[in-house]
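Here's the structure, in C-alpha cells; my notes come after.
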Amino acid sequence: MDFVKQREDLAPVREILDGYPREQRFLLAILQDIQKTYGYLPREALETVRLHLDVPLSRLYSMATFYKALSLKPKGEYVIKVCDGTACHIKNSQGLLDELKRLLGIEPGETTVDGRFSLETVNCLGSCALAPVMVINDVYYAKVEPDKIREILGMLGGKGYGDI
Amino acid sequence: MGIFRSRPKRTVLVCCGTGCLANGSHGVYREFERMLKNADQPVRVKAAAKATGCNGLCEMGPIVKILPDDIFYCRVKVPDVEEIVRETLAGGRVVERLLYTDPATGKKVKSHKDTAFYKNQLKIALRNIGEIDPANIDDYIQRGGYRALEKALSKMKPEDVTAEMEKSGLRGRGGAGFPTGRKWRHCAASDDTPRYVLCNGDEGDPGAFMDRSIMEGDPHSIIEGMVIGAYAVGSRQGFIYIRDEYSLALKNMSAAIRQAKEQGFLGESIMGSGFGFDLSIVRGGGAFVCGESSALMASIEGRVGEPRAKYIHATERGLWDKPTVLNNVETWANVPVIIDRGSDWFSSIGTGGSKGTKVFSLVGKVQNTGLIEVPMGISLRKIIFDIGGGIPGGKAFKAVQTGGPSGGCIPGSMLDLKVDFESLSGAGSMMGSGGMIVMDEDTCMVEVARYYTGFLAEESCGKCLPCREGLRRMLGILNDICAGRGHKEDVDTLLEICEALREASLCGLGKTAPNPVETTLRYFREEYLEHIRDKRCRAGVCPALTQYYIEGSLCRGCGLCAKNCPAGAITGKPGDKYTIDPDLCIKCGRCRQVCKFGAVSIGGGAAV
Ligand SMILES: Cc1cc2nc3c(=O)[nH]c(=O)nc-3n(C[C@H](O)[C@H](O)[C@H](O)COP(=O)(O)O)c2cc1C
Ligand code: FES
C-alpha cells in the first residue's frame, strides 16, 4: 500500500459491539455503525469484529464489498452523492456529474487527494419530484443546474479545484 | 373506546417531509411554535410530514396547512408566519398571496383539494399523509387508527381476518402482485413455528418514493397492518427492512414503534387480547437485489443478500427457514382500511383482477410531479394529462415508463390503456412498485434502454450466469449503438440474449431484466435503426450522434449561448449571428436550453 493511514482508535468499535447481542444477525447493523463512525471500515475494526463474533474475515469482506452502504476506503470530509435514478437521469444528472468530475478531477467512487471531497452516484434518493438531486453530507440540493456546482463547491471550501 | 378522541379546534400543519425540509420548513415550524406559545386562542402547532413532491409542491414548499378550514399556503418563509397568525388564525382571513395557483386553471385556490390534481385521486394508502403529525400517535388514532386492529382482535378469529383479506382481492404492491390473503393463508397453514411477518421498505426502484413517504408520513398505518397480519398468521415477531438512505423514514418508524409499544399496540397482550407481537427495524445495506424476498431475508439474517431459487416458498421456509410473510409497505398500509371498512367496500374499487387503488410516483417530464393515488383501471392519459397536467414547455409526449428498472416503456399510441396489473403486463411492462416516469421528445429511447440495462448489470448480484453475463453483453451492445458503433445484427442479438435471460435467470431481477430493451424495441425500433443505420440520435442525447448548430434565420445575436457555453465553442458578435465550432463542442446542450428563440438545433448523421 502506498498510502498509510494512521491507526484508528478502536474504543468506539468496542462500544458499538457492546450495544448488540453477540449474534451474527447483527453483523450488518454493526458494520453500518462502524461505517458511520469512521466513514469507512478500518481493517483493525474488522479484526475486532471478527474476534468478537467469531466469523471468518472473508465473510466480513464479502459483506463490505456487497453492500453499497459499506466502504473499505476512507471517504472525504464532504461526500457528494449525485442521484442517477431514472427521474434525475432524464433531467440531465449526467451534466451534473460531468461538471463535478471536471472540477474535482476525480471519478465517481474516488476521493480528492487532500481528503476533502468524495464523489459518488446513487440510484434515487426518493426525492424524484425535485430532480435532479444531489446530497452533500445529508444536505439536499434540489433541481441543480450544472452551472451552480462551482458556487456550491466554492462554499464548501472548494477554492483551487478546477477553475473555482 | 376512550382512545378515539374528538378533533381539536385549530391546527397548523407545517410540512416537514424531505422536500420541504430542504426548503427550510423547520425554521417556519419553529417560528409558528414561538409565536403561538403565548397566544390565547387554542391553536396547536404541529409538524406533519407531507409526501415529498405531492402536486409538485415540494418545489412550492415549505407548505403550511390550516385545519379545519383547510387553507393551503405555499412558499411560506419565516417572515410570513406573523401575517398568517395575525390574519388567518386571529382574523379568520385568507392571505391571498400565499395561496397556490392551479396550473390547470391559472386561478388561486384556497384548498389543494380544489385542484384538478387532487380531484381525480382516491386516497387509501396515503389517507393520512400530510394530514397528521407522524410523530404523534394520537393524530393517527383520531383519524380512525388502530380501530381495525381492535376489531380484528376482539371480534374476528385469525382465519376470519385472512378470509376477509382474500375476499378483498388485495394484491401485493411491491411488484409481483401476489394475492395478499392467499399468502397469509399459506403461511398460517404451516405447522412450523415461530413464524415471521416482514415489511419490505427497501424501495430500490429508481424514480419511486411512495414507500418512503408512507414510512415518513404515516408509520402507524404500517405497524397496524403488520400487527393484524401477525394475528392472522400467528406470528410473534416482525421486522421492517428499511433502506439505509431513508434517514427520516428510519427516524419516524422507530419513534412510532416506541409509541405503539407504550400504548399497548405492540408487545405482550395487545389491547388486552392475550395476543402478543413485537416489531424491530433492520437497516438495509444499499443493494437493489435486497428488495427481492429471499435476498431480503438473507440480509436480515446478517448475510450477503443473494437470492435463492424459489422452489420452496417463503411462506413455508423463509427467514431462518421458518414460515414467513413478506409484504410491501403500501400493501401493509392498505390492510387496516380493508379490515375497518370491509372487503366488499374495497373490492368495489378497481377492475376485475386488480382491486383498490395504487400509489404512483409521477415524475419526469410532466407538469405536476408527485405522489398520486388512483383507483385501478384509470387510463394513462388521465394520469399524465389531467392529474399530471401534461408535458411542460409545449414538448411532445413520447413514452411513459412504469415498473421500475425491469418495467417497460409504453408509447403514445397506448395512452388509453387502463392501468392495472394485467394491462401493464400485456403491454410488456409491469406494475412494479409504482414508478411512473414520463418522457418527452428530448428523451432518447435507446439511451433509456441502455440506462436501465446498465443499472441492472450493476445491481445483478452475480450468483447466476445468465443474468451476470447476459446483462453485461447487452450493455456492451447498447453502449456501442449509442456511441455510433452499432451493427445491423445487434437488434437480433439483443433479442436473443433477452430470451435467455428470461428463461434461465435465478430470480426476478434477471427474469424481468429484458423488459426495457424488449419494449423499446417493440415500440421504438425506428430509433434503434436511426442510431445504427443513420448514425443519428433524434433526441440529441447520445453525444457521438448529435451535432448542435445555430439556425441562422432564427438567431437574434443575443449571445446568451456563447456566455453559457462551458467549452468556449460558440463565437460571434452581439447583434450578429453566432456559430458553434463542432470540434470544440462538448455536446452538453446548454446552448439549446438557454436560447430564448429556439435557434439551436440538433442535427445527426455525424460520420463516425
Ligand atoms: C430484484 C427485485 C427487487 C425488488 N425490490 C423490491 C422493493 O424494493 N420493494 C418491494 O416491496 N418489493 C420488491 N421486490 C418484490 C419482492 O420480492 C416481493 O415480491 C414483495 O416485497 C412482496 O410483497 P407484496 O406481495 O406486498 O408486494 C423486488 C423483487 C425483485 C425480484
Ligand atoms: S431519481 Fe433522483 S431522486 Fe429519485
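The values are calculated or read from the model by the stated rules, or taken from the named source; none is laboratory data. This one's a predicted model, so the numbers in the text were calculated from it and none came from an experiment. Methodologically, a virtual Cβ is constructed for each residue, glycine included, from the backbone with ideal geometry; neighbour enumeration extends over all protein chains shown. The protein model used for the area step is the full one, side chains on, heavy atoms only, and it has no ligands, DNA or RNA in it. Shrake-Rupley method; radii C 1.70, N 1.55, O 1.52, S 1.80 Å.
Here are a few things to note about the model shown:
- Two-decimal Rg/Rh across the range B:546-603, once Rg and the Kirkwood Rh are taken from alpha-carbon atoms: 0.89
- Set of lysines with alpha-carbon distance to B:Lys596 below 16 Å, sequence-local pairs under 8 removed: B:Lys395, B:Lys563, B:Lys577
- Kirkwood-type hydrodynamic radius, the range B:65-139: 13.9 Å, calculated from all non-identical alpha-carbon pairs.
- Sites matching GluC sites (Glu not before Pro) across the range B:263-322 that sit in DSSP coil, with at most 12 neighbouring C-beta atoms within 10 Å: B:Glu268
- Expected-Rg normalisation [2.2 N^0.38 Å, Cα atoms] applied to the range B:249-394: 1.34
- 10 Å Cβ neighbours from other chains, averaged over peptide B:268-280: 0
- Estimated vicinal HN-Hα couplings, Hz - the range B:150-158 in sequence order (Karplus 6.51, -1.76, 1.60; Gly, Pro = x): 4, 4, 4, 6, 9, 10, 10, 7, x
- Residue ranking by accessible heavy-atom surface, 1.4 Å probe, largest first, among B:Leu554, A:Leu46 comes out as B:Leu554, A:Leu46.
- Relative contact order computed over the range B:104-251 (Cα-Cα under 8 Å; 6+ residues apart), in percent: 27 percent
- Angle in degrees between helix A:43-53 and the longest Cα principal axis of chain A, rounded to the nearest 10: 40 degrees
- Rel. contact order, % - alpha carbon contacts under 8 angstrom, at least six apart, chain B: 11 percent
- Ratio of Rg to Rh for the range B:152-304: 0.95 [Cα atoms; Kirkwood radius as inverse mean 1/r over pairs].
- Against chain A, whose longest principal axis is taken from its Cα atoms, helix A:93-104 shows a tilt of about 80°.
- Chain B: antiparallel DSSP beta bridges as a percent of all, rounded to 5: 55 percent
- Checked against a 31 Å cut-off, the cross-linked pairs B:Lys358/B:Lys535; B:Lys46/B:Lys108; B:Lys46/B:Lys261; A:Lys75/B:Lys46; B:Lys107/B:Lys251; B:Lys358/B:Lys463 give Cα-Cα distances beyond that limit for B:Lys358/B:Lys535; A:Lys75/B:Lys46; B:Lys107/B:Lys251; B:Lys358/B:Lys463.
- The charge dipole of the range A:11-66, taken about its Cα centre with unit charges on the Cβ of Lys, Arg, Asp and Glu (plus for the first two, minus for the last two), comes to roughly 140 debye.
- Violating pairs (Cα-Cα greater than 24 angstrom) within the set B:Lys398/B:Lys418; B:Lys37/B:Lys77; B:Lys151/B:Lys322: B:Lys151/B:Lys322
- Rg and Dmax [Cα atoms of chain B; Å; Rg one decimal, Dmax integer]: 26.2, 84
- For the peptide B:20-26, the mean number of other protein chain Cβ atoms found within 10 angstrom of a residue's Cβ is 2.
- Separation of alpha-carbon centers, the range B:538-591 and the range A:86-111, rounded to whole Å: 22 Å
- Rounded tilt (10° steps) of B:25-37 against the dominant C-alpha axis of chain B: 40 degrees
- Listed peptides B:81-91, B:123-133 by packing density, highest first (mean Cβ within 10 Å): B:123-133, B:81-91
- In the frame of its principal axes, the range B:10-114 has Cα extents of 40, 27, 22 Å, reported largest first.
- Size of the range B:135-236 as Cα extents on the principal axes (Å, biggest first): 38, 33, 26
- Along chain A, longest interval not containing exposed trypsin sites (Lys or Arg not before Pro), exposed being DSSP loop plus at most 10 other Cβ atoms within 10 Å: A:23-158
- Whole-percent carbon and sulfur share, accessible surface of the protein assembly as shown, 1.4 Å: 50 percent
- For B:Lys119, the aspartates and glutamates whose Cα comes closer than 14 Å to its Cα, not counting residues fewer than 8 places off in the same chain, are B:Asp102, B:Glu373, B:Asp386.
- The range B:325-477, Cα convex hull volume normalised per residue, Å³: 134 Å³
- Length, then width, then depth: along the principal axes, the Cα atoms of the range B:507-608 run 59, 27, 23 Å.
- Centre-to-centre, using Cα atoms only, the range B:77-129 and the range B:264-326 are separated by 41 Å.
- Within the full protein context, the accessible area of B:Ile281 is estimated at about 50 Å² for a probe radius of 1.4 Å.
- When the range B:357-440 is reduced to its Cα atoms, the Kirkwood hydrodynamic radius in Å: 12.3 Å
- Neighbourhood net charge (12 Å Cβ-Cβ; Lys/Arg +1, Asp/Glu -1) for B:Ser347: +1
- Cα gyration tensor, the protein assembly as shown - rounded (a/c under 1.5), prolate or oblate: rounded
- Chain A: translational diffusion in µm²/s, Stokes-Einstein, Kirkwood Rh over Cα pairs, 37 °C, 0.692 mPa s: 189 µm²/s
- Pairing chains A and B buries close to 3400 square angstrom of accessible surface in total, based on protein heavy atoms and a 1.4 angstrom probe.
- Unit charges on C-beta of K, R, D, E only; dipole of the range B:546-603, Debye: 240 debye
- Antiparallel DSSP beta bridges within the protein assembly as shown, percent to nearest 5: 55 percent
- Inter-chain Cβ neighbour count for A:80-86, averaged per residue, equals 5 (cutoff 10 Å, partner chain atoms only).
- Under 16 Å of direct C-alpha separation, and excluding same-chain neighbours fewer than eight residues apart, B:Lys157 reaches these lysines: B:Lys167.
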